[in-house]
Amino acid sequence: MDRFVYAFTEGGRDMAALLGGKGANLAEMTLLGLPVPPGFTVTTEACRVFLDTGAEPDGLAREISDHLTALEQTAGRRLGQPDDPLLLSVRSGARFSMPGMMETILDIGLNDASVLGLAKSSGNERFAWDSYRRLVQMFGSTVMGVDTARFEHVMGDIKRARGAASDLDLDAADLAGLVEAYKELIRQETGDDFPQSPAEQLRRAVLAVFESWNGERARLYRRREHIPEDLGTAVNVQTMVFGNLGPDSGSGVAFTRDPATGQPGLYGDYLPNAQGEDVVAGIRNTVPIRELEERYPTSYAQLRDHMRTLETHYRDLCDIEFTVEHGRLWMLQTRVGKRAAEAAFAIAAELVDEGLISPDEGLARVSGDGLARLMFPRFDTSAVGDALAHGLPASPGAAVGAAVFDSAEAVRRAAAGEKVVLVRQETTPDDLPGMIAAQAVLTSRGGKTSHAAVVARGMGKVCVCGAEELLVDTEARRFTTRDGTVVEEGTVVSADGFDGSVYLGAAPLVDSTVMRYFETGERSAGLVESVARAMERADGVRRLEVRANADTPEDAALARRFGAQGVGLCRTEHMFLGERRKLVEAMILARNDTEREEALNALLPLQRQDFVGILEAMDGLPVTVRLIDPPLHEFLPDRTDLAVRIATAEARGDVPDPHDTELLEAVNRMHEENPMLGLRGVRLGLVVPGLVAMQVRAIAEAVVERTRAGGFPEAEIMVPLVGAVEELRIEREEVERVLAEVSAESGIPVHCPVGTMIELPRAALTAGRIAEEAEFFSFGTNDLTQTTWGFSRDDVEAAFFSAYLDKGIFATSPFEAIDRAGVGRLVQIAVAEGRAARPELKIGVCGEHGGDPDSVHFFHAAGLDYVSCSPFRVPVARLEAGRAAL
Ligand code: PEP
Ligand code: MG
């Protein structure tokens, strides 16, 4: 038969799934011989049964009663014994810490008789009645469902009647009166009496903690922290000890090191004459733990010894809650403590130095997310006020600047030395100059793979997108917040790309030394040294290579400094923007082959120069150049703008500009309802004569130029959006033809591997066939996610993902972390079939997921050769690739 209850002497830290984190660690401390008030843990399994069936699991009551008897025997007192009661605390404790999210009930065992016994045994009448009123209040609200505010109301009435400023001014008689008033309140509200039977109190408290697993707060917390819904909580039943018995008692929390910086040394807060709950609730001001040292050196020395024991045993930063009862120290809880990113790196390095953990363990203790946080300047969160609005944190960092509402204004002000934040409903490629000029991009629409998000991330620029509560009025050059605050152009705002907050005014910033290290290679003591060591370890153990998505020589050079081992995706369409757009327009509008050829010939040298620059920046390393991908009409002016221009001219009685008329015809001809599913990728190459040939020639001639200059160019040519091997075969013939042509003309043999993106389900499912024509695969997981789920990557995140996240359909956007079960499955199939057909097939990923920590682990496990991500994510990907290999 299943067991549902374990005494603290029976468990251990490796039983956290069953006993919850708190229960497992209480057991571990008990085993270590630390002073833990005795108790037992009801398992998460019991909770799951209760939540599934709505009934108390069979046998649970018996087991609890047996463990209680054992506890009573050890204590030499019975639960609620009238003359000297044993009292218990009942606390939740899930597998993953959910601080304050579930219920706690203290002082179980008090009733009208035992409160008198407690008064006598403690010699403190006020304390006894205060404990009793706390129990009635906690039990009444948590177990019996009376609104907490009603209790506060009653307390308020009594305080007023007594002229008392605080609870502390109420004496024993007042508190006894309060207990009566509370009991009456419960009777009125529920029709039931507060139970006098200690056993019943205990039983109902345990079930109430089970139920609190599904409380609103707890559910919300789990969603945000990605904690599974079905784990359930354990319940810890423990002998009460009291920190509020007078000046020689108290409660505190302590860390074995500073959790913000990692500095070694006992660190924490102490509250004399108080229960633990008072410390956490921040009711009274705590004193630094040093004060305990001054007042009670023996307790302090014990605490220090126990903390050392814990840190050596857990081989990590531990935090604890403790209580001192009449000078005697009790350990109430410990766990491996949460810490800031900076502290994580510092502690890992130090514990390695101290020989407590191996370098690999040190690497396991830090994270890519933490590293990302350390790479950007941050807002000093202690100094910012309320946020104006919240959006999606699409690209991390902290930026301050004057709000501007179009690209030209951004460029103008930036040129004059002003820092600006570009605010748009959403961005388009036209906004690029403004985005480059801005410190941050803020949009009211679009998700984490919207144009603004992808481009900003690529530039390492702060981006908060999809802040739907903002009403952006580009015409009037202002935005309005939900509460009606109007922010005019030029007003300084601060955008926090870590959590999506937007503030009015300039929030104070803290600079990143870690970023300087990646940019310059300069090492310095402290944090930077710890980061450098983690990076070295990661590079030493990782199997995955890390490349960068880069479209310019500057990005490529930056990525290389950040440790990129090549370019995994050069999006050539990004090279068609700005002034060159006119040339692309001419190519699209060409009425015959000659005109088209002219337009293409004008583009050729420009493209070649781009490639020369990138190949030079990545000399000796592979550069994957992707042939043009997006629908051509993206390079034409906006349809509505044109129509309006023509209609206005006509209304004035003028003849519309013939160029406008011609453009509109072209735009109409090329208009697609679903451009993402339309004429783009390989399809463009197959239907627009000369386009591929021009691009391949530019690549090949760049290779020749670099070779002649003594370089080692390693260009790879990648065909996007292939769904059928036939598409690739035809395109590839064209590619090979041009490569051969340039080789013959130049006398320099140009060998470029030709591969394909796998970004359509059909490509993944027919990967074996496609591999016959492809020398490498690169998963375009942005499109693959879009097409697998049927989610428009530009729309859905802002439109309804928050509802999907709320409903728990997924815990993270599939555009952010790879959907392992669906998209991931397609990746696995394509890897297996691709390699079966061509064992030496090189496989990478270049969608946004390439820089996402969780996804990097998946790609490692799936057997990919490399991930490619934006330059600023390269260190994160290196670190996570190392951790994945542990
Ligand atoms: C992809 O689809 O994942 C990809 C890298 O291509 P793009 O984002 O340019 O469509
Ligand atoms: Mg794509």
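What the table below lists for this structure:
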read-out: Residue check, Pro57 surrounded by fewer than 16 Cβ atoms within 10 Å (Cβ to Cβ) and not β-branched (Val, Ile, Thr); value: no
read-out: Among residues of the stretch 230-251, those that are of a type outside the set (S, T, N, Q) and within 19 Å of Phe127 (Cβ to Cβ), counted; value: 9
read-out: Long-range neighbours under 7 Å by Cβ, at least six apart or interchain, first residue in contact (Cβ under 8 Å) with a residue 40 or more places away in the chain and of a type in the set (Phe, Trp, Tyr) within the stretch 485-509, second surrounded by fewer than 14 Cβ atoms within 10 Å (Cβ to Cβ) and part of a loop (DSSP other than H, G, I, E, B); value: Tyr503/Gly385
read-out: Qualifying position, being assigned by TED's automatic domain parsing to the domain that holds Met676, surrounded by fewer than 23 Cβ atoms within 10 Å (Cβ to Cβ) and within 16 Å of ligand 2 (Cβ to nearest atom), among Ser778, Ser792; value: Ser792
read-out: Filter result (in contact with a Lys or Arg (Cβ under 6 Å, 6 or more places away or on another chain), of a type outside the set (A, V, I, L, M, F, W, C) and within 16 Å of ligand 1 (Cβ to nearest atom)) within the stretch 545-570; value: Asp551, Gly566, Gly568
read-out: From Thr74, Thr30, Thr9, Thr69, residue being modelled with pLDDT under 95 and polar (S, T, N, Q); value: Thr74
read-out: Qualifying positions in the stretch 211-256 - in contact with an Asp or Glu (Cβ under 7 Å, 6 or more places away or on another chain) and part of a loop (DSSP other than H, G, I, E, B); value: Met240, Val241, Phe242, Gly243, Leu245, Ser249
read-out: Residues of the stretch 480-517 that turn out to be among the polar types (S, T, N, Q) and either under 19 Å from Ala372 (Cα atoms) or under 24 Å from the mean Cα position of the chain (by Cα) (or both), as a count; value: 4
read-out: Number of the condition not met by Asn668 [criteria: (1) within 16 Å of ligand 1 (Cβ to nearest atom); (2) surrounded by fewer than 16 Cβ atoms within 10 Å (Cβ to Cβ); (3) not β-branched (Val, Ile, Thr)]; value: (1)
read-out: Filtered residues of the stretch 687-737 (kept if within 16 Å of ligand 1 (Cβ to nearest atom) and in contact with a Phe, Trp or Tyr (Cβ under 7 Å, 6 or more places away or on another chain)); value: Glu716
read-out: Test result for Ala548, aliphatic (A, V, I, L, M), within 30 Å of Val856 (Cβ to Cβ), away from ligand 2 (no atom under 16 Å from the Cβ) and assigned by TED's automatic domain parsing to the domain that holds Phe405; value: no
read-out: Hits in the stretch 673-703 - residues which are within 16 Å of ligand 2 (Cβ to nearest atom), among the hydrophobic types (A, V, I, L, M, F, W, C), part of a helix (DSSP H, G or I) and surrounded by fewer than 18 Cβ atoms within 10 Å (Cβ to Cβ); value: Met676, Leu677
read-out: Exclusive hit being modelled with pLDDT under 90 and within 16 Å of ligand 1 (Cβ to nearest atom), set Glu662, Glu634; value: Glu634
read-out: Criterion violated by Arg706 - all others in (1) within 30 Å of Ala830 (Cα to Cα); (2) touching a residue at least 24 places away in the same chain (Cβ under 8 Å); (3) part of a helix (DSSP H, G or I) satisfied; value: (1)
read-out: Near pairs, Cβ below 8 angstrom, 6+ apart or cross-chain, from the stretch 725-742 (assigned by TED's automatic domain parsing to the domain that holds Leu627 and farther than 12 Å from Gln695 by Cα) to any residue that is of a type in the set (D, E, K, R) and outside any helix (DSSP H, G or I); value: Val725/Glu772; Val725/Glu773; Leu728/Glu773; Arg729/Glu773; Arg732/Glu773
read-out: Residues being within 23 Å of Gly362 (Cβ to Cβ), surrounded by 24 or more Cβ atoms within 10 Å (Cβ to Cβ) and not basic (Lys, Arg) - total across the stretch 860-875; value: 3
read-out: Candidate set: the stretch 720-763, residues that are among the hydroxyl-bearing types (Ser, Thr, Tyr) and assigned to a helix (DSSP H, G or I); chosen: the one farthest from ligand 2 (Cβ to nearest atom); value: Ser746
read-out: Single residue of Ala767, Ala803, Ala799 found to be modelled with pLDDT of 95 or more and either within 16 Å of ligand 1 (Cβ to nearest atom) or of a type in the set (A, V, I, L, M) (or both); value: Ala767
read-out: In the stretch 438-468, the residues that are at pLDDT 90 or above and either buried (at least 23 other Cβ atoms within 10 Å of the Cβ) or in contact with a Ser or Thr (Cβ under 7 Å, 6 or more places away or on another chain) (or both); value: Ala438, Ala440, Val441, Leu442, Thr443, Cys463, Val464, Ala467
read-out: Set Arg626, Arg608, Arg580: member being in the same structural domain as Arg706 (by TED's automatic domain parsing) and within 16 Å of ligand 2 (Cβ to nearest atom); value: Arg626
read-out: Given (1) farther than 30 Å from Ile730 by Cα; (2) in contact with a Lys or Arg (Cβ under 8 Å, 6 or more places away or on another chain); (3) small (Gly, Ala, Ser), number of the condition Gly844 does not satisfy; value: (1)
read-out: Residue ranges of helices (runs of 4 or more DSSP H) in the stretch 544-644 with at least 3 members acidic (Asp, Glu) and surrounded by fewer than 23 Cβ atoms within 10 Å (Cβ to Cβ); value: 593-617
read-out: The listed residue being more than 25 Å from Met98 (Cβ to Cβ) and either part of a helix (DSSP H, G or I) or of a type outside the set (Val, Ile, Thr) (or both), out of Ala410, Ala343, Ala372, Ala387; value: Ala410
read-out: Leu175 vs. criteria within 39 Å of the chain's Cα centre (by Cα) and under 25 Å from Gly246 (Cα atoms); value: no
read-out: Single condition Arg91 does not satisfy, out of (1) farther than 18 Å from Leu332 by Cβ; (2) touching a residue at least 12 places away in the same chain (Cβ under 8 Å); (3) of a type in the set (Lys, Arg); value: (1)
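The values are calculated or read from the model by the stated rules, or taken from the named source; none is laboratory data. This is a predicted model, so every value here is computed, not measured. Positions of Cβ are backbone-derived with ideal geometry, glycine not excepted, and every protein chain shown enters the neighbour counts.
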